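Q: Sharing a structure below in structure tokens format, with a few things to ask.
The values are calculated or read from the model by the stated rules, or taken from the named source; none is laboratory data. Worth saying up front: this structure is predicted, and the values here are computed from it rather than measured. Reconstructed Cβ throughout: ideal geometry from the backbone, glycine too, with neighbour counts over all protein chains shown.
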Amino acid sequence: MFYWSIIIILIGIYSSYIFGKSRIKKNSIAKNIKSVSLPSYYAQYMLFWCLLPALIVYFGWIIFEDQIILNLVLANFDFDLNPALNAGLLIAEIKNVAANINFAEGKSLEIINAAEHYSSIKQTSTVAFYISILIFMILGVMVASRKLHPNFRAQKYIEKYIKYFLIFCSSVAVLTTVGIVFSLLFESLRFFSDVSVFEFLFGTKWYPYIPIREGQSGSQGSFGAIPIFAGTFLIMIVAMCVALPIGLFTAIYLAEYASPKIRRIVKPLLEILAGVPTIVYGFFAFVSVAPFVKTFGESIGIDASPTSALAAGLVMGIMIIPFISSLSDDVINSVPQSLREGSLGIGANKAETIKRVILPAALPGIVGAFLLGVSRAIGETMIVVVAAGTAPNLTANPFENVTTVTVQIVIALIGDQEFDDPRTLSAFALGLVLFVITLILNIFALRIVKKYRELYE
């Protein structure tokens, strides 16, 4: 249904665009009046009034269709006479039988009939969906075509629609952020109603599976998050120690020293790293880097773990290099050429120009690239799972295995435990604390940029 509906909408808006452009030209010629807006604006006006009703029908149908169909199907079941019936399980069973007839074996006649009824209504609904989209698109075109005359200022309306669209997009972004924050906050409060905030923030034991002391409040174990956040920042520090200097120096070389030929070759090769799946980096860390780190640690007298923070951090740093180098390169290239020429003109050499002029001018963008790298390092999961392990370990030794916040969030949200279990709700508490820490880092970075950036007129 999805693909055919998209094809119908695309054909409809293209036809409306062509129709609008040709219609205004014919009206202008017939009335011998020059249109007050370009023909493309009239075509865009027609496109908008063709697209808007189609989108309303499309999303309305997607949101309400399944619920309406299920209500019609479940109306045949008497839940009062049979209290043992579970609506959720019944719906899942009907959908399974409707999707695959093989599931019908051993099912009651009532379930089979309900599945057939569901399939029949679904087919009818699909046909009605296509017809409704076509009808509403035609109605939209008919309404819009009444205003297609040369004196109609289509440009004013198009600019207004664009403004409303941009406001809508901004609102979606803001409301999404607010929704994420409130969902984290709400579920975290449920978690902290069972687990002490002090224990969570300052505890050094993370073992949420079995009670470690008698009478522990509402918990199934210990929820001290210090080892998790320590492991997160340890791996992040190792990764940024690799990614930041290499990425920044690579950007400086590509922007200031490399010839156009070398730049055309090296820059795409670096950006290939950004397209490699993280699980591939994880395999590389596990197969190649982790054994090397273990061998190196033993050679200098350190008992290194087969999985370690150092191995995960090194590979994660390699993964982050293209993000920092690409962004920093773009920022450095955006510095006005006149600043370079002025610095060289008063006797500074190239290195001094880069150090005293270009880098201060590009500082906000470089800090942004650094923060993006930090976010990638904090949010990475697969490399940590494969190369660093999943066991919480409070240590500053990069040769030992550690875990991160994202890994523990994944572990907490998988499995068959109930959603109101403290083990599950701990994922939201971890996410909330990580959100606050990231926010503090961003505020700190903005203050640094504000203090040290160079302003040029």
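Q: Residues of segment 21-53 being surrounded by fewer than 17 Cβ atoms within 10 Å (Cβ to Cβ) and not in a helix (DSSP H, G or I), which ones?
A: Hits for segment 21-53 are 32, 33, 34, 36, 38.
Q: Filter segment 287-321 for residues that are within 17 Å of residue 381 (Cα to Cα), out of contact with any Gly (no Cβ under 9 Å at 6 or more places or on another chain) and not β-branched (Val, Ile, Thr) and give the result.
A: Result: 290, 311, 313, 314, 316, 319.
Q: Moving to a separate point now. Hey, can you tell me all the residues within segment 338-367 that are of a type in the set (Asp, Glu) and touching an Asp or Glu at 6+ places or on another chain (Cβ under 6 Å)?
A: none
Q: In segment 378-432, how many are modelled with pLDDT under 80 and touching an Asp or Glu at 6+ places or on another chain (Cβ under 6 Å)?
A: Number satisfying all stated conditions: 1.
Q: Could you tell me whether any residue of segment 2-20 is at pLDDT 85 or above, assigned to a helix (DSSP H, G or I), under 12 Å from residue 149 (Cα atoms) and touching a helix residue (DSSP H, G or I) at 6+ places or on another chain (Cβ under 9 Å)?
A: Checked against the condition, which is being at pLDDT 85 or above, assigned to a helix (DSSP H, G or I), under 12 Å from residue 149 (Cα atoms) and touching a helix residue (DSSP H, G or I) at 6+ places or on another chain (Cβ under 9 Å), segment 2-20 yields at least one hit.
Q: Is it the case that segment 332-343 has a residue that's assigned to a helix (DSSP H, G or I), acidic (Asp, Glu) and in the same structural domain as residue 380 (by TED's automatic domain parsing)? Break it down stepwise before answering.
A: Here is the first cut: in segment 332-343, the residues assigned to a helix (DSSP H, G or I) are 332-334, 337-343.
Now restrict to residues that are acidic (Asp, Glu): 341.
Restricting the remaining residues to those that are in the same structural domain as residue 380 (by TED's automatic domain parsing) gives 341.
Yes: one or more hits.
Q: What number of residues in segment 143-153 are under 14 Å from residue 19 (Cβ atoms) and crowded, with 16+ Cβ neighbours inside 10 Å?
A: 3
Q: Every residue in segment 173-223 that is of a type outside the set (Asp, Glu), in a loop (DSSP other than H, G, I, E, B) and modelled with pLDDT of 80 or more, please.
A: Within segment 173-223, 193, 195, 196, 203, 204, 205 meet the criteria.
Q: If residue 148 meets every condition in (1) touching a residue at least 12 places away in the same chain (Cβ under 8 Å); (2) in a helix (DSSP H, G or I) apart from one, which number is that one?
A: It is condition (2) that residue 148 fails.
Q: Can I ask one more? Kindly check whether there is at least one residue in segment 341-353 that is touching a residue at least 24 places away in the same chain (Cβ under 8 Å), over 19 Å from residue 290 (Cβ atoms) and surrounded by 17 or more Cβ atoms within 10 Å (Cβ to Cβ). Walk me through it before giving the result.
A: The initial filter retains those residues of segment 341-353 that are touching a residue at least 24 places away in the same chain (Cβ under 8 Å), namely 350.
This time we only want the ones that are over 19 Å from residue 290 (Cβ atoms), so: 350.
Then keep just the ones that are surrounded by 17 or more Cβ atoms within 10 Å (Cβ to Cβ); that gives none.
For segment 341-353, residues touching a residue at least 24 places away in the same chain (Cβ under 8 Å), over 19 Å from residue 290 (Cβ atoms) and surrounded by 17 or more Cβ atoms within 10 Å (Cβ to Cβ): absent.
Q: If you don't mind, another one. Residues in segment 340-389 that are β-branched (Val, Ile, Thr), over 27 Å from residue 276 (Cβ atoms) and touching a helix residue (DSSP H, G or I) at 6+ places or on another chain (Cβ under 7 Å): how many?
A: Qualifying residue count, segment 340-389: 4.
Q: Here is a follow-up. Only one of (1) more than 21 Å from residue 207 (Cα to Cα); (2) in contact with a strand residue (DSSP E or B) (Cβ under 6 Å, 6 or more places away or on another chain) fails for residue 392. Which number is that?
A: Evaluating residue 392 over (1) more than 21 Å from residue 207 (Cα to Cα); (2) in contact with a strand residue (DSSP E or B) (Cβ under 6 Å, 6 or more places away or on another chain) leaves (1) as the failure.
Q: Now for a different question. Which condition breaks for residue 126 when tested against (1) free of Cβ contacts under 8 Å to residues at least 40 places away in the same chain; (2) over 21 Å from the mean Cα position of the chain (by Cα); (3) more than 26 Å from residue 23 (Cβ to Cβ)?
A: Against the list (1) free of Cβ contacts under 8 Å to residues at least 40 places away in the same chain; (2) over 21 Å from the mean Cα position of the chain (by Cα); (3) more than 26 Å from residue 23 (Cβ to Cβ), residue 126 comes up short only on (1).
Q: Then there's this: Between a first residue in segment 42-63 that is touching a residue at least 24 places away in the same chain (Cβ under 8 Å) and within 25 Å of residue 26 (Cα to Cα) and a second residue that is of a type in the set (Gly, Ala, Ser) and not in a helix (DSSP H, G or I), which pairs have beta carbons less than 8 Å apart while being 6 or more apart in sequence or on different chains?
A: Every condition considered, the pairs that remain are 42/35.
Q: What residue, of 431, 389, 365, is in contact (Cβ under 8 Å) with a residue 12 or more places away in the chain and on the phi > 0 side of the Ramachandran plot?
A: Criteria check complete, one pass: 389.
Q: Now for a different question. Looking at (1) surrounded by 17 or more Cβ atoms within 10 Å (Cβ to Cβ); (2) within 25 Å of the chain's Cα centre (by Cα), which one does residue 379 not meet, given that it meets all the others?
A: (1)
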